[in-house]
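Structure first, then comments.
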Amino acid sequence: MVTDFPTDDFINRRTTYRFSGMELRLDLSLGLFSSAGVDTGSMLLLKTLAKEAPVASSSAILDVGCGVGTLGLALAKKLPGSLVTMVDRDEMAVMFTRHNADLNGIDNIRADSRLMLEGPHETHYDLILTNFPAKAGEPVLEDFINRSLSLLTPGGRTAIVIVHTLADRCREIIQSSGAGILHTDSSKQHTVFHYGGSNDAPLPDGSNQMSPYIRHTGTFKFKKTPYTLDTVWNISDFDTLSWRLKLIGGMLDEKPMSGCMAFWSPGQGHLPLAVATRWGAEPTRLILAGRDRLELLIGKHNLKDITSSVEIELHSTADPSLLNRYVDAGSLDLLVTDLSPVPKSDWTGPLRDCAKGLLKSGGEWALVGRSADIASLMKVSGGWTPVHDKRNKGWRAMILRRN
């Protein structure tokens with residue numbers, strides 16, 4: 001399993017940690033959670049597994065929200081005869097998990113960019129692990145607890161670590177699900193629960209898989225185009241439009257767009273939906289790409305009313321400069337890029353080259369991001385004609401035409 005990093009400078013530092021008498025190494029990134037070292041919540045969960053859980057009998061393990069691989073790789077190294085499935089909504093996290101598996105000589109893992117609720121799962125699991133993100137939202141926590149029970153083998157267990165402010169609610173949800181709490185432990189910041197039991201509720205068929213994440217349905221508007229979409233927990237612009245989106249959305253709304261369009265980091269789906277449904281627009285192909293699988297899924301969900309006439313593609317990729325792996329050269333009429341570069345990485349040149357290669361002559365590149373980032377990107381601007389350029393409150397949006 002050899003990981004193809006876009007650039008080596010995605011790696012911020014290397015750290016080590018121990019589990020059950022073994023030492024593991026991890027490369028970390030400023031673009032991911034816990035870039036300074038292994039977080040204390042994960043270490044607390046691993047301590048409880050080493051002391052309280054019969055992990056030796058686990059042959060099928062699921063690590064949900066694997067990050068750089070801290071939990072799942074520790075179990076995979078201890079149990080080389082097991083298969084550890086590791087999933088995360090962030091493609092960069094999955095890329096680091098695969099890289100860190102190589103770093104530690106671990107080959108009994110499978111890492112994918114997907115949500116736990118995306119199915120089907122090929123097997124039941126003896127052990128399910130998660131360091132649950134505090135911002136995910138209570139409905140997602142409840143869905144995780146109930147779904148994990150449906151995915152456990154008889155006698156299996158789930159181990160969850162959660163910030164202490166959500167510990168009481170987590171306990172209530174576990175108890176109301178009918179599960180038995182097998183072990184608890186806590187620190188000043190985190191609480192760990194091990195639980196198991198049976199849950200006879202059937203798994204959802206996937207037809208409404210976004211429902212645990214949806215927090216709001218609202219009507220929004222740029223200059224001329226009103227639209228209604230569902231928004232989800234833990235992605236920005238869920239109830240009002242930010243200055244960032246207003247800047248770029250207003251530019252894109254000045255005229256109808258046609259042809260093949262790609263949106264990097266589509267967020268809740270505001271821009272794809274507004275561009276595709278503007279009066280006079282004639283999209284023939286819509287490509288949603290980015291690091292965050294949840295963004296891609298909610299974007300496609302919000303485009304559901306036009307899927308019968310327009311081809312929609314989803315591509316999980318760790319960096320916008322890698323979009324040319326999935327899209328043919330010279331095929332795009334419009335490329336929309338919401339910038340959020342990894343700090344200290346060399347991103348400007350690869351992104352410019354990718355955009356220039358993907359767009360047709362006369363095609364347009366719409367950019368939005370922090371003013372300093374766009375200024376860095378535009379230090380070299382040959383081959384492009386500026387069409388629009390606006391700034392507000394530290395944000396900047398531009399549209400460039402490919403010469």
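The values are calculated or read from the model by the stated rules, or taken from the named source; none is laboratory data. Quick caveat, the model's predicted, so the values are computed rather than measured. Heads up, the Cβs are rebuilt from the backbone with ideal geometry, glycines too, and the neighbour counts pull from every protein chain shown.
So in the stretch 1-19, with the set limited to residues that are at pLDDT below 75 and of a type in the set (S, T, N, Q), which one is surrounded by the most Cβ atoms within 10 Å (Cβ to Cβ)?
THR3
Identify, by number, the condition in (1) closer than 21 Å to LEU322 by Cα; (2) over 20 Å from the mean Cα position of the chain (by Cα) that ILE61 doesn't meet.
The one condition ILE61 does not meet is (1).
If I ask for residues that are closer than 15 Å to TRP365 by Cα, hydrophobic (A, V, I, L, M, F, W, C) and assigned to a helix (DSSP H, G or I), which ones from the stretch 238-275 would you list?
LEU247, ILE248, MET251, LEU252, LEU271, VAL275
When residues of the stretch 59-97 are filtered for being of a type in the set (Val, Ile, Thr) and in a helix (DSSP H, G or I), how many remain?
3
Just to be sure before I move on: is SER57 among the small types (Gly, Ala, Ser), more than 20 Å from ASN104 (Cα to Cα), surrounded by fewer than 20 Cβ atoms within 10 Å (Cβ to Cβ) and assigned by TED's automatic domain parsing to the domain that holds ARG110 in the structure I sent?
Values: among the small types (Gly, Ala, Ser): yes; more than 20 Å from ASN104 (Cα to Cα): yes; surrounded by fewer than 20 Cβ atoms within 10 Å (Cβ to Cβ): yes; assigned by TED's automatic domain parsing to the domain that holds ARG110: yes.
Taking the combined requirement at face value, the residue satisfies it.
Among the residues in the stretch 215-228, are any surrounded by fewer than 13 Cβ atoms within 10 Å (Cβ to Cβ), modelled with pLDDT of 90 or more and over 30 Å from LEU303 (Cβ atoms)?
No, because not a single residue in the stretch 215-228 is surrounded by fewer than 13 Cβ atoms within 10 Å (Cβ to Cβ), modelled with pLDDT of 90 or more and over 30 Å from LEU303 (Cβ atoms).
Just one of LEU30, LEU46 is buried (at least 21 other Cβ atoms within 10 Å of the Cβ), among the aliphatic types (A, V, I, L, M) and in the same structural domain as VAL84 (by TED's automatic domain parsing); which is it?
LEU46
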